[in-house]
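Structure first, commentary second.
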Amino acid sequence: MTTTRRKFLLGTLAASGALVLGWSALPPRQRLTTAQPLPVGANEAALNGWVKIDADGSVTVMLAKSEMGQGVATSLCMLLADELDADWSRVRFEASPIDKIYNNIATVVDGLPVHPDTESRVLDAARWMAAKAMREIGVMMTGGSSSVKDLWLPMREAGASAREMLVNAAARQWNTEPGHCRTENGEVLGPAGQRAGYGSLAGAAAQQRLPRSPTLKTPAQFKLIGRPTNRIEAASKTDGSARFGIDARPEGLLHASVQMCRTLRGRATRFDAAAAQAMPGVRTVVPFEPSHGGTGGVAVIADHPWRAKQAAEALKIEWDAGKLANFQSADALEQLARTLDTDKGFAFFTEGDVDAAMAGAVRAIEAEYRAPYLAHTTMEPMNCTVRFDGDRATVWVSTQVPGLARKAAADALGLPAEAVTVHVMLLGGGFGRRLEVDFIAQAATIAKAVPGAPVQTLWSREQDLRHDIYRPACVSRFKAGFDAQGQLVAWQNTSAGQAIVPQVLGRLFGLPGGGPDKTTSEGAFDQPYEWPAARIAHAAVALPLQVGFWRSVGHSHQAFFKESFVDEAAHAAGADPLVFRERLLQRHPRHLAVLQAAAQAGGWGTASPPAPDGAKTARGIALHESFGSIVAQVAEVSLAADKTIRVHRVWCAVDCGTAVNPTGIVQQMESAIVYGLSAALHGQVDIVNGQVQASNFHDQPVLRFHEMPAVEVLIVPSSAPPEGVGEPGLPPIAPAVANALFALTGQRHRSLPLRSA
């Protein structure tokens, strides 16, 4: 290499390094304006990428998160409308386009594998860089209980910015100073009694530059934030005008019914479509390959969903079962257990010298816990509607990831992503299942066979359950050591299970997965308990089954393991389970307050009344932090005459930071308890030779009305920024019930689902 060339390369590297350093020092780019102007109606004006105002005064909030029953549309609209001083009765929402300003930053920043108590400049820098990177190369996503947290500032800034622009427009019109004007309920009020509705000012306001630093309200000035508010979309769901993915009805709609290989990830090798093609209304028959973690098969397109279903059942198909033909879920659990015999796992958290502390303990207890694979069982089964128009396509779908949905459809159709328009519909449940795009790629492949006609691919309930992407099974082992006074001196915990994130990176992004996956050990290593000495680890085990995110992810089973064994440790120490936990929370006042609030509400320490049938009852308690929120629950439980587990009452205390919509928070705690109890009492996916054995709600039940406990929710006041709400209510319910069962029967339940002896 010549000296001149070497100098040139070194100079280029130095300049590049300077650019990177300069870029890293800058804050994340603004999240107010989209790359392309928002589409507006004839009388609408867009004041930024989050809000449009019509001449009639109605305000449309752009919803960048998917409404799937968690109430996020209401909470996010409240954030913007409060800062805007909008008339709440005139506020509505519509799904936002796909744009980088809507990327989810909070989930990735919170996904760094560190304990919440960790403080360091390196960690601060990592979070800073993650936020900057996700602003540019991240994805639009609804998940991780992150919606309000992610948009707490952007939505408020959008409202405050629009309010300032409206005030400036009015002040210019009245020839006065903006500081002499104020806003109230969708109007600007002038110093001489002038009044102008936002609708009359929106056009002029939209011509102005965005304010550089809009002034946000103080909490004392909030009018909507913190006020119990009914769901903004409730009326449409009541009168039937709400539109979910399954309700998409573009003109000329055709319907597709699929037959998928009974063995997961299998494919069709040959098929005879003669009988199906001869049936009334059938347009064509289309094979499709496994894609994005899904299963291959054959589809029938017809003019009516019933005709499509009947014709699909007439297909004669030969299958290749593929790599999962010998997969057994029972064997997988045993393999996880064997892994713990030899693999210490990756340590996500250590405190002190746990080996020395354990060696010095005068007594130790050990236990093994297990959790099965779980299905999502959303009320709305997987479906997607696609119209392929040669050089363009349109997709109507209920999805948690609009950008990835667009890419999956585009790839299946051989189009650039920009040529695909995605209409995000309301979701009839997500729970992480609609973070996947297997059913979208499948629907696009099928629709490509009939250009110009929209085709809705709709799975049956049986297909939805048998072709899910499941929550991983997990096995966890614990050991606790105590001194002569019964005080805890050492805590060891290692779990084994599949890692979700590496699989997701592969099937959604085509990227290799590397490094520790926080979701494998979350709920175990990231908790507030002040262990004297501890090591908490996870051994990631590679298995061929595709696994994915499930409501509360790793917390959903790790909380059961951890809180159940905390109860075991309390019993071994001869301590009350509440008092034992209190001793381990002396430096965590927020957690302590939540724990004590739930205990007080649940009458902890008082006699538990008999059940309605006269059976003896007992109470159990659990505390867990997830997605930034702290939840404690007390469950009151009995055994019926036939030994059926009955949960009568649940007291739930939550500290989720600023309570944006208390009504929504209560609803989500109740929802999580229902979902969590369904899993705790009934949830289990058994797989034999790669085939899921359950088929519908009769053999994969969800909680019935007669099983539903009375639930009391207490929101612990907080001035901290808002944290997650959609998932944190789920993790504590299984251990609270299990601990109550121990108090009732003296028997420990160390496997899910819970079964009475």
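The values are calculated or read from the model by the stated rules, or taken from the named source; none is laboratory data. Because the structure is predicted, anything quoted here is derived from the model rather than measured. Heads up, the Cβs are rebuilt from the backbone with ideal geometry, glycines too, and the neighbour counts pull from every protein chain shown. We work out accessible area using only protein heavy atoms, side chains counted, and drop any ligands, DNA or RNA first. Shrake-Rupley method; radii C 1.70, N 1.55, O 1.52, S 1.80 Å.
State all residues of segment 441-480 that are under 30 Å from R750 (Cβ atoms), touching a helix residue (DSSP H, G or I) at 6+ places or on another chain (Cβ under 6 Å), surrounded by 24 or more Cβ atoms within 10 Å (Cβ to Cβ) and not hydroxyl-bearing (S, T, Y); if no residue qualifies, say none. First the steps, then the outcome.
Looking only at segment 441-480, we keep the residues that are under 30 Å from R750 (Cβ atoms), and these are 465-466, 468-480.
Going one step further and asking which of them are touching a helix residue (DSSP H, G or I) at 6+ places or on another chain (Cβ under 6 Å), we end up with 473-478, 480.
Narrowing the set further to residues that are surrounded by 24 or more Cβ atoms within 10 Å (Cβ to Cβ) leaves 473-476, 478, 480.
Passing the criteria: A473, C474, V475, F478, A480.
Conditions tested, residue by residue: (1) within 16 Å of V61 (Cα to Cα); (2) assigned to a helix (DSSP H, G or I); (3) free of Cβ contacts under 8 Å to residues at least 24 places away in the same chain.
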{"site": "K132", "(1), (2), (3)": "no, yes, no"}
{"site": "R135", "(1), (2), (3)": "no, yes, no"}
{"site": "V139", "(1), (2), (3)": "no, no, no"}
{"site": "G143", "(1), (2), (3)": "no, no, no"}
{"site": "L151", "(1), (2), (3)": "yes, yes, no"}
{"site": "R156", "(1), (2), (3)": "yes, yes, no"}
{"site": "M165", "(1), (2), (3)": "no, yes, no"}
{"site": "R172", "(1), (2), (3)": "no, yes, no"}
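Taking segment 89-119 as the range and being open to solvent by 50 Å² or more (accessible area, probe 1.4 Å) and either among the acidic types (D, E) or assigned to a helix (DSSP H, G or I) (or both) as the test, the residues that pass are S89, R90, E94, K100, V108, D110, D117, E119. The criterion of at least 1 residues that are of a type in the set (D, E) is met by the following helices (runs of 4 or more DSSP H) wholly inside segment 546-641: 555-572, 577-583. Would you confirm whether any residue within segment 418-440 is in a helix (DSSP H, G or I), among the charged types (D, E, K, R) and more than 22 Å from the chain's Cα centre (by Cα)? Scanning segment 418-440, I find at least one residue that is in a helix (DSSP H, G or I), among the charged types (D, E, K, R) and more than 22 Å from the chain's Cα centre (by Cα), so the answer is yes. Applying the criterion of being charged (D, E, K, R) and at pLDDT 95 or above to the residues of segment 136-161, the residue that is farthest from G432 (Cα to Cα) is E157.
Among the residues of segment 200-209, are any within 30 Å of V386 (Cβ to Cβ), among the polar types (S, T, N, Q), touching a helix residue (DSSP H, G or I) at 6+ places or on another chain (Cβ under 9 Å) and surrounded by fewer than 14 Cβ atoms within 10 Å (Cβ to Cβ)? Lay out the reasoning, then the answer.
First pass over segment 200-209, keeping only residues within 30 Å of V386 (Cβ to Cβ): none.
Checked against the condition, which is being within 30 Å of V386 (Cβ to Cβ), among the polar types (S, T, N, Q), touching a helix residue (DSSP H, G or I) at 6+ places or on another chain (Cβ under 9 Å) and surrounded by fewer than 14 Cβ atoms within 10 Å (Cβ to Cβ), segment 200-209 yields no hits at all.
Quick one: would you say V420 is of a type outside the set (D, E, K, R) and open to solvent by less than 10 Å² (accessible area, probe 1.4 Å)?
Numbers: of a type outside the set (D, E, K, R): yes; open to solvent by less than 10 Å² (accessible area, probe 1.4 Å): yes.
Judged against the criteria, V420 is a match.
A single entry from G497, G514, G554 fulfils the requirement of being in contact (Cβ under 8 Å) with a residue 24 or more places away in the chain and either more than 18 Å from the chain's Cα centre (by Cα) or surrounded by fewer than 20 Cβ atoms within 10 Å (Cβ to Cβ) (or both): G497.
Tallying residues that are surrounded by 13 or more Cβ atoms within 10 Å (Cβ to Cβ), more than 19 Å from R477 (Cβ to Cβ) and of a type in the set (A, V, I, L, M) within segment 327-377 yields 2. Condition check for A597 on (1) touching a Leu at 6+ places or on another chain (Cβ under 6 Å); (2) at pLDDT below 95: one failure, at (2).
Can you pull out every residue in segment 141-164 that is farther than 23 Å from H555 by Cα, of a type in the set (A, V, I, L, M, F, W, C), open to solvent by less than 50 Å² (accessible area, probe 1.4 Å) and touching a Pro at 6+ places or on another chain (Cβ under 9 Å)?
W152, A158, A160, A162
Answer yes if at least one residue in segment 712-735 is open to solvent by 60 Å² or more (accessible area, probe 1.4 Å) and in contact with a strand residue (DSSP E or B) (Cβ under 6 Å, 6 or more places away or on another chain), and no otherwise. If you could, list the steps in order and put the result at the bottom.
Step one: list which residues in segment 712-735 are open to solvent by 60 Å² or more (accessible area, probe 1.4 Å), which gives 712, 717, 719, 721.
Adding the requirement that they be in contact with a strand residue (DSSP E or B) (Cβ under 6 Å, 6 or more places away or on another chain) leaves 712.
Within segment 712-735, one or more residues are open to solvent by 60 Å² or more (accessible area, probe 1.4 Å) and in contact with a strand residue (DSSP E or B) (Cβ under 6 Å, 6 or more places away or on another chain).
Let's see how each residue does on (1) part of a helix (DSSP H, G or I); (2) more than 22 Å from R748 (Cβ to Cβ); (3) in contact with a helix residue (DSSP H, G or I) (Cβ under 9 Å, 6 or more places away or on another chain):
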{"position": "D341", "(1), (2), (3)": "yes, no, no"}
{"position": "F349", "(1), (2), (3)": "no, yes, yes"}
{"position": "M358", "(1), (2), (3)": "yes, no, no"}
{"position": "E366", "(1), (2), (3)": "no, no, no"}
{"position": "R370", "(1), (2), (3)": "no, no, yes"}
{"position": "H376", "(1), (2), (3)": "no, yes, yes"}
{"position": "M379", "(1), (2), (3)": "no, yes, no"}
{"position": "D391", "(1), (2), (3)": "no, yes, yes"}
{"position": "V395", "(1), (2), (3)": "no, yes, yes"}
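Residues in segment 308-349 that are in contact with a Ser or Thr (Cβ under 8 Å, 6 or more places away or on another chain) and aliphatic (A, V, I, L, M): 7 in all. Determine, yes or no, whether T183 is hydroxyl-bearing (S, T, Y), more than 23 Å from V660 (Cα to Cα) and either outside any helix (DSSP H, G or I) or touching a residue at least 24 places away in the same chain (Cβ under 8 Å) (or both). Here the answer is no, as T183 does not meet what is asked. For first residues located in segment 229-258 and at negative phi, partners that are surrounded by fewer than 15 Cβ atoms within 10 Å (Cβ to Cβ) and among the hydroxyl-bearing types (S, T, Y) and lie 6+ apart or on another chain with Cβ distances below 9 Å form the pairs A235/S241; A242/S236; R243/S236.
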